[in-house]
1. On the given criteria, is residue 217 farther than 20 Å from residue 113 by Cα and either among the polar types (S, T, N, Q) or touching a Cys at 6+ places or on another chain (Cβ under 6 Å) (or both)?
2. Given the criterion of a type in the set (Gly, Ala, Ser) and in contact with a strand residue (DSSP E or B) (Cβ under 9 Å, 6 or more places away or on another chain), identify the matching residue among 89, 137.
3. With respect to the numbered conditions (1) within 19 Å of residue 181 (Cβ to Cβ); (2) surrounded by 18 or more Cβ atoms within 10 Å (Cβ to Cβ), which one is the sole condition not fulfilled by residue 84?
4. Specify the residue that is nearest to residue 220 (Cα to Cα); the eligible residues are those in the range 233-244 that are open to solvent by less than 80 Å² (accessible area, probe 1.4 Å) and either modelled with pLDDT of 95 or more or part of a loop (DSSP other than H, G, I, E, B) (or both).
5. Within the range 143-160, can one find any residue that is crowded, with 19+ Cβ neighbours inside 10 Å, within 22 Å of residue 214 (Cα to Cα) and among the aliphatic types (A, V, I, L, M)?
6. Go through the range 87-133 and count every residue that is open to solvent by less than 30 Å² (accessible area, probe 1.4 Å) and at pLDDT below 95.
Amino acid sequence: MTKSLNVVCAKWGSAYGADYVNRLHRGVLRNSTRHVNFFCVTDDPRGIDSDITCIELKEFAFQNELIRAQKCAAKKNGAYRKIAMFEPGLLPVTGAVLAFDLDVIISGPIDDLANFAPGHIAMPPPFAVSSKRPTFGEGSVIKFEPEHHGFLFSDIATSTALMVQESFGSEQSYTSGRAKAYGLFSPFPKDWVVSFKHHCRPAQPLNAFMPPKKPQTARVICFHGRPSIQEAIDGFKSDLLHKTKPASWIAHHWK
């Protein structure tokens with residue numbers, strides 16, 4: 001019997017509405033051959049489709065220490081909220097779980113992401129080189145196994161200030177760094193999970209004349225910063241140099 005596909009996302013605050021969760025869910029269903037168990041860890045389940053299992057997003061017991069530590073970090077408080085998904089016993093499943101950010105589209109078959117590197121934590125390799133917040137992987141897609149990788153939660157719970165300092169206030173630096181420290185990090189093939197900015201949009205000055213194109217082997221496309229998903233569909237311009245022609249093909253994957 002084919003294994004189920006376990007998927008989780010996290011939604012808090014007002015940056016992303018329930019429609020992002022629902023569209024992500026539908027994208028997963030379209031691109032998996034398995035029965036899907038879909039979970040959303042959230043502080044507000046209103047508007048989320050009834051066939052998605054919502055799990056309450058609670059404040060961490062170490063919340064105050066986390067806030068104090070982040071006052072000296074590069075990122076604002078909230079960057080570590082996603083680690084709630086790693087708390088031992090939170091998800092009622094075992095085996096591989098795919099954790100997706102909400103600002104992604106599922107553009108190709110994703111079962112292979114769950115099959116990849118059994119026993120390891122997998123993330124996309126960095127989209128761009130940055131000396132400010134070094135990371136081994138992008139946090140937009142994370143494959144982990146709850147029964148084996150509870151240290152992703154317990155390490156920061158027990159050594160909050162140290163973990164925040166070592167990861168420069170960046171959740172993805174923390175997650176990939178801890179996986180690397182345990183010898184359990186494996187990057188996904190670089191063409192499976194891509195950045196819209198770096199891999200779809202033409203480089204300057206061609207971006208002003210040519211529309212973005214989908215890489216044929218991409219299974220997930222990530223929209224970090226701007227343009228947002230809808231802005232990329234409609235076309236976006238922040239100044240004379242930073243332009244994005246409309247990419248109507250995105251709407252086919254985000255519905």
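1. Values: farther than 20 Å from residue 113 by Cα: no; either among the polar types (S, T, N, Q) or touching a Cys at 6+ places or on another chain (Cβ under 6 Å) (or both): yes.
No: the conditions fail for residue 217.
2. Details: 89 fails: in contact with a strand residue (DSSP E or B) (Cβ under 9 Å, 6 or more places away or on another chain).
Result: 137 is the single residue among 89, 137 that is of a type in the set (Gly, Ala, Ser) and in contact with a strand residue (DSSP E or B) (Cβ under 9 Å, 6 or more places away or on another chain).
3. Every listed condition holds for residue 84 apart from (1).
4. As a first pass, look at the range 233-244 and keep what is open to solvent by less than 80 Å² (accessible area, probe 1.4 Å): 233, 235-236, 238-239, 243-244.
Checking the rest, the ones that are also either modelled with pLDDT of 95 or more or part of a loop (DSSP other than H, G, I, E, B) (or both) come to 233, 235, 238-239.
Numbers: 233: 16, 235: 20, 238: 25, 239: 27 Å.
Looking at the filtered set, the residue picked out is 233.
5. For the range 143-160, residues crowded, with 19+ Cβ neighbours inside 10 Å, within 22 Å of residue 214 (Cα to Cα) and among the aliphatic types (A, V, I, L, M): absent.
6. Of the range 87-133, the ones open to solvent by less than 30 Å² (accessible area, probe 1.4 Å) are 91, 93, 95-100, 102-108, 110-111, 113-114, 117, 119, 121-124, 127.
From what's left, at pLDDT below 95: 127.
Matching residues across the range 87-133 total 1.
Quick grid of which residues meet (1) surrounded by fewer than 20 Cβ atoms within 10 Å (Cβ to Cβ); (2) out of contact with any Gly (no Cβ under 8 Å at 6 or more places or on another chain); (3) of a type in the set (Val, Ile, Thr); (4) assigned to a strand (DSSP E or B):
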residue: 7; (1), (2), (3), (4): no, yes, yes, yes
residue: 13; (1), (2), (3), (4): yes, no, no, no
residue: 16; (1), (2), (3), (4): yes, yes, no, no
residue: 29; (1), (2), (3), (4): yes, yes, no, no
residue: 49; (1), (2), (3), (4): yes, yes, no, no
residue: 60; (1), (2), (3), (4): yes, yes, no, no
residue: 66; (1), (2), (3), (4): no, yes, no, no
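Residues checked against (1) under 16 Å from residue 9 (Cα atoms); (2) out of contact with any Lys or Arg (no Cβ under 8 Å at 6 or more places or on another chain); (3) assigned to a strand (DSSP E or B):
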| position | (1), (2), (3) |
| --- | --- |
| 109 | no, no, no |
| 126 | no, yes, no |
| 134 | no, yes, no |
| 139 | yes, no, no |
| 146 | yes, yes, no |
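The values are calculated or read from the model by the stated rules, or taken from the named source; none is laboratory data. Since the model is a prediction, treat every value here as computed from it, not as a measurement. When we count neighbours, we look across all protein chains shown, and the Cβ atoms used for this are built from the backbone with ideal geometry, even at glycine. What goes into the accessible areas is simple: the full protein's heavy atoms, side chains included, and nothing from ligands, DNA or RNA. Shrake-Rupley method; radii C 1.70, N 1.55, O 1.52, S 1.80 Å.
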